[in-house]
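None of the figures in this text is laboratory data; all of them are computed from the coordinates on show. The model shown is predicted, which means the values in this text are computed figures rather than measured ones. Because the Cβ atoms are built from the backbone with ideal geometry, glycine has one as well, and the counts that use them run over all protein chains shown.
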Amino acid sequence: MNATLHPCINLSYMDLMADGDDLIKKVMLEMLLEELPTEFEKILQAAQKQDFDLLRRTSHKMKTTLSFVGNQALSEANTTIERIARYHTNLEALPDLISTIEHLYPTVVEALRQELEEMIQPIN
């Protein structure tokens, strides 16, 4: 599927890594849809509790995951959150960054779901 049909994601990196193998792409999408909710919830809880170690570790782990999603704003917010959690600087920016993630996350997950559904639909 052409990723431009879902403007909030760009799966070109995933396509490159799957090297034309739709089964690998399908498995990668399934893994993203399984992992993202858990990891985003960890980020939200860690930020709320000001658990900067967990926030840093989870945001760091998400960098690779988000590279497959291809949403620049989400990736940048995550990277900045990791930096804030690591160095405990610019803490006042954290609420806006968390808000950005909360805003973008549902749209991105829905686009990934649609991408997966379109892959598994039988061709008529």
Going Cα to Cα from residue 25, which aspartates and glutamates come in below 17 Å? Please leave out same-chain ones fewer than 8 positions away. 15, 34, 35, 110, 115, 117, 118
Given [x] -0.61, -1.06; [y] -0.38, -1.13; [z] -0.32, -1.05, the label whose value is log10 I(q)/I(0) by the Debye sum over Cα atoms at q = 0.10, 0.20 Å⁻¹ derived from this model: [z]
Would you mind checking the tilt of helix 72-87 against the longest principal axis of the Cα atoms of the chain, expressed as 0 to 90 degrees and rounded to 10? 30 degrees
Mean Cα-pair separation over length for the chain, i.e. relative contact order, pairs under 8 Å, 6 or more apart, %: 33 percent
Fluctuation leader among 58, 100, 89 - the chain, Gaussian network, Cα springs under 10 angstrom: 89
Placing each pseudo-label 7 Å from Cα in the direction of the beta carbon, residue 90 and residue 22 end up separated by a distance in nanometres of 4.3 nm
If each of residue 31 and residue 51 carries a label point 7 Å out from its Cα toward its Cβ, how far apart are those two points in nm? 2.5 nm
How big is the dipole moment of the chain about its Cα centre under a simple scheme where the beta carbon of each Lys and Arg is +1, that of each Asp and Glu is -1, and everything else is neutral? Debye, nearest 20, please. 460 debye
Just from its helices, what would the mean residue ellipticity at 222 nm be for the chain, if runs of 4 or more DSSP H residues each count -39500 (n - 2.57) and the sum is divided by every residue, rounded to the nearest 500 deg cm²/dmol? -26500 deg cm²/dmol
Just tell me which lysines come within less than 22 Å, Cα to Cα, of residue 49; anything on the same chain fewer than 8 places away is out. 61, 63
